[in-house]
Amino acid sequence: MSASPATRRLLASVLAAGGLIGAAAIPAAAHDDDRRGHRGQHSSIVIGDIQDDSRGHDNRALNREWVEVKNTGRHAVNLRGFTLSDREGNRYRFDHLRLDGRSSVKVHTGQGRDTDRDVYQDRRHQIWDERDTATLRDDRGNVIDTETWGRRGHHGHHDNHRG
């Protein structure tokens, strides 16, 4: 049985359109699944290392307590309006901070002078406990990464949610 030329043309255009749609969907899927599938909308911005539960209450001890925010992508991202919060709702809001590609910034608990590599929450008490969750949200309030750890320190468990 042979198809008419019109049917063959129609079938060829449907297959071509399907191929284009499929090709367009592949990079998005690969992008979302990159980094163990735990990225959100601003998928190049993630929580990195964490130093929690610093002993002592002076500013030096508070600044030994920090959460790293990393840009794993190649392009710079302005973190203005992004927030980092703990399980109890303590929240740090980034001001204008351009985080270059493949770089990171440490968010310290205590007081200090903000730079490109270190920013300070200006708090007078510890906020990251030995069992806690750090949540990173973008400037629209969407959760883009979380990190949870337990009694024996940082466990490296990332969760990703949208909205």
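The values are calculated or read from the model by the stated rules, or taken from the named source; none is laboratory data. Predicted model only: the values in this text are computed from it and were never measured. Glycine also receives a Cβ, built like all others from the backbone with ideal geometry; neighbour counts cover every protein chain displayed. Surface areas here come from the heavy atoms of the whole protein model, side chains and all, with no ligands, DNA or RNA. Shrake-Rupley method; radii C 1.70, N 1.55, O 1.52, S 1.80 Å.
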(message) Taking the condition of being exposed (fewer than 14 other Cβ atoms within 10 Å of the Cβ) and not in a loop (DSSP other than H, G, I, E, B), how many residues in the range 81-102 meet it?
(response) 2
(message) Out of everything in the range 108-133 that is part of a strand (DSSP E or B) and over 21 Å from HIS96 (Cα atoms), what residue ends up being most open to solvent (accessible area, probe 1.4 Å)?
(response) THR133
(message) Condition first: open to solvent by less than 20 Å² (accessible area, probe 1.4 Å) and farther than 17 Å from ASP122 by Cα. Can you find one or more residues in the range 52-65 that meet it?
(response) no
(request) Test GLY101 against the criterion of being out of contact with any Phe, Trp or Tyr (no Cβ under 8 Å at 6 or more places or on another chain), within 20 Å of VAL46 (Cβ to Cβ) and among the small types (Gly, Ala, Ser), and give yes or no. (result) yes
(message) I'd like the residue in the range 134-151 that is in a strand (DSSP E or B) and of a type outside the set (A, V, I, L, M) and, out of all such residues, is farthest from ILE50 (Cα to Cα).
(response) ARG137
